[in-house]
Amino acid sequence: MKRLFTIAIVLTVCLLGKAQDTIIVSLDSPGTLEATLAQISEDAKTNTASLKVLGPLNGQDMMLIREMCGVKALNTKTQGILSSLDLSDATIMPSDEPYMSVYGIDYTSHIDEFGPFFLYNCANLTELTLPQDIAVVDTMAFAGCSNLKELELPGTLREIGMGAFINCSNIQRLIVPDEVTELGVGAFQRMEGLEELTLGNGITEIENSIIVMDNSLRTINLGLRFQTFNPVVFYNTPTLEQVNVDENNPHYMSIDGVLFSNSLDTLVTYPPAYPTEQYEIPEGVRMLAPYSFYNAMNLKTVNLPSTVNVIDTVAFFQCLALEEVTGGESLTTLRFGAFGVMPGEEPALTSFTIPASLITFDGGAFFGNYLIYPDIDPENPYYVSDENGLIYTKDITRLCFVPGLTEEFSLPETVTTIGEYAFSGTLALPEIYLPDHVTSVCDAAFSFALGTETIVLGKNINKVGTQVIDYCVSLANLYVFTEDIPDENLDEYSFLDESGTVMEQCVLHVMPGKAETYKMKKGFYSEEFETFFFADIAEIENSDGIEKVTTRLESTTPRYYGLDGTRRQFLTKGLNIISLPGGGIKIGMRR
């Protein structure tokens, strides 16, 4: 009787002409899919392109469905051609028999769960309808379903697992139902065709890798309860044009696709591909949040209202098209990377006015921007600049910023401190001398000083921050005229260079009799890694003062570097750093 019933269903579908290739099977018990298909046709398992299943499924049935979709285990191909699968009237039941084994771990079916790796790499699938009572779409459940064009998630869904939709590259729109409260790491990564993602009212937070490499995503819609996110979520999506939020959300509001705090005092996210060249920040906004304009590729002009006080960490970082910043007469705080770029990029912004109101200026605010020359309002009570564009605190005790194309400088005798990132990104300084009146060098003070071959620290240096010479890729010699720097005033990684070039080529020069001390000294040597941070160590022969220092890395031919510090064989298009034979640096342009 069962066989007659099944055949009757198939014949009915064919006669109606609605889905001529669809096979519909009705199961009375789980684990019987293969036997039921065999009643219809001996080759139904391999020749079925469209299948609708009614009734209960278990792990045995799930394994068969994978084979019908053209894949077994993780990647083994089968002869299956199944491309359309309708499970709307099916239910998934628990079983002990695994449908998949991944690196020795067996995965079995659980009630109302689309289990881990269930349809992993089922690239034949173009159409899929899920069971209407599914509660969980687990880890990698649809990963690699690269030809699946659309998918409706049922309202019963509560959880989406890690990488569930990774590489589902043809789905254009996806709506996460309101009952979903958990999103796994990388749930929607590499959905290259995804244009619009809607997160329902159950999602309160999203972590930073959820949509990495989704290179078509233009719109994200956030729900009522959304409140926490990592800014990386948005700036890792270069095509993003709009971030919208439910109008009743108590934490955020959206104005024309730009995300603000609900009180409008903070601009939270300006989408990277926002389709305008000019943007006027609304009056009332007091803070531009960290990463808020990160990688805004179309933005050329931005107007800061009189209410803005804070431009936070890397707010306009990597805004390469940004040419002009107007307004901002009430600005009090300019944080690290606020108008920075990655070293090697060519920014459009060359000037910025530091208003009289500015109180806090991080030396790395223009990190990597070698063209910038900030102006300081003469009425500013906290900062001042000299004729070369170097910025100091008003009492001229702390050096805050050195323009990237500075070729030479002389520190006033009042300067005692080299601030964080002060020389960061300088290209044209082959030598940096810190006279004896300088006592303190702050974090990353010389980091990415790409054109510097020699750094000399005077006799009275007694405090050094962390990674002060990081990515100084041309550095050949570091002179330390200080007899001893107290360990408590050194960081564990004071002279660590993560690029590794300092360790390969730079010689540390210390006072006579101090070589053994410095070779094992904190900050110059890491106990954790049992590593000396320099290529060699030598004792200074002429130790009377820094004016006696003349040693450089010997070279008989020019050496070429990109602005990111990468060694090159020849001059390349754009700006190049040229290290001259016998010492010296110049900047070269090849068109």
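The values are calculated or read from the model by the stated rules, or taken from the named source; none is laboratory data. Only a predicted model underlies this, so the values are computations on that prediction, with no experimental measurement involved. Positions of Cβ are generated from backbone atoms using ideal geometry, with glycine treated the same way; all protein chains shown enter the neighbour counts. Protein only, heavy atoms only, side chains kept; ligands, DNA and RNA dropped before computing areas. Shrake-Rupley method; radii C 1.70, N 1.55, O 1.52, S 1.80 Å.
Summary table below
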read-out: Per residue value of the accessible surface for segment 316-384 (all protein chains in place, 1.4 Å probe), Å²; value: 37
read-out: Cα long-axis angle, helix 59-68 against the chain (0 to 90 degrees, to the nearest 10); value: 80
read-out: In Å², nearest 10: area of ARG173 left accessible to a 1.4 Å probe; value: 130
read-out: Dimensionless Rg/Rh of segment 439-532 - Kirkwood Rh, Rg from C-alpha atoms; value: 0.92
read-out: Prolate/oblate/rounded call for segment 206-347, Cα gyration tensor, a/c under 1.5 rounded; value: oblate
read-out: Solvent-accessible area per residue for segment 469-524 (1.4 angstrom probe, square angstrom); value: 38
read-out: Reduced Cα scattering model of segment 184-233, Debye log10 I(q)/I(0), q = 0.17, 0.21, 0.28, 0.31 Å⁻¹; value: -0.47, -0.72, -1.19, -1.30
read-out: Fraction of antiparallel bridges per DSSP, the chain only, in percent to nearest 5; value: 30
read-out: Rounded to 5, percent antiparallel among DSSP beta bridges of segment 330-449; value: 40
read-out: Solvent-accessible area per residue for segment 69-207 (1.4 angstrom probe, square angstrom); value: 42
read-out: Descending semi-axes in Å of segment 79-138, equivalent ellipsoid built from Cα gyration tensor; value: 19, 17, 9
read-out: Cross-link reach list, aspartates and glutamates versus LYS463, counting only Cα pairs under 17 Å and skipping chain neighbours closer than eight places; value: GLU420, ASP436, ASP443, GLU483, ASP484, ASP487, GLU488, ASP491, GLU492
read-out: Rotationally averaged projected area of segment 398-469 (alpha carbon convex hull; nm²); value: 3.9
read-out: Distance histogram in 10 Å bins (all Cα pairs of the chain, percent per bin); value: 3, 15, 19, 17, 15, 13, 9, 6, 2, 1, 0
read-out: Percent of Cα-Cα distances greater than 22 Å, calculated over segment 34-138; value: 23
read-out: Binned Cα-Cα distances of segment 101-249, short to long, each 5 Å bin given as a whole percent; value: 2, 10, 19, 25, 22, 13, 6, 2, 0, 0
read-out: Between helix 2-16 and the chain: long-axis angle, C-alpha atoms, 0 to 90°, nearest 10; value: 70
read-out: For segment 39-81: span of alpha carbons on each principal axis (Å, largest first); value: 28, 22, 15
read-out: Cα pair distances in segment 446-496, grouped into 10 Å bins until the bin that holds the longest one, percent each; value: 26, 54, 20, 0
read-out: Residue pairs, from the table LYS394/LYS514; LYS149/LYS300; LYS394/LYS519; LYS459/LYS521; LYS394/LYS522, whose Cα atoms sit over 28 Å apart; value: LYS394/LYS514; LYS149/LYS300; LYS394/LYS519; LYS394/LYS522
read-out: Whichever aspartates and glutamates have a C-alpha closer than 13 Å to that of LYS45, once near sequence neighbours (fewer than 8 apart) are set aside; value: GLU34, ASP61, GLU67
read-out: Dimensions in Å of segment 143-227 - Rg and Dmax from alpha carbons; value: 11.5, 33
read-out: Dipole of the chain, positive end: most advanced residue of LEU349, GLY59, ASN47 [Cβ charges, Cα centre]; value: ASN47
read-out: Percent antiparallel among DSSP beta bridges (both partners in segment 72-133, rounded to 5); value: 60
read-out: The chain, accessible surface, carbon-and-sulfur percent (1.4 angstrom probe); value: 47
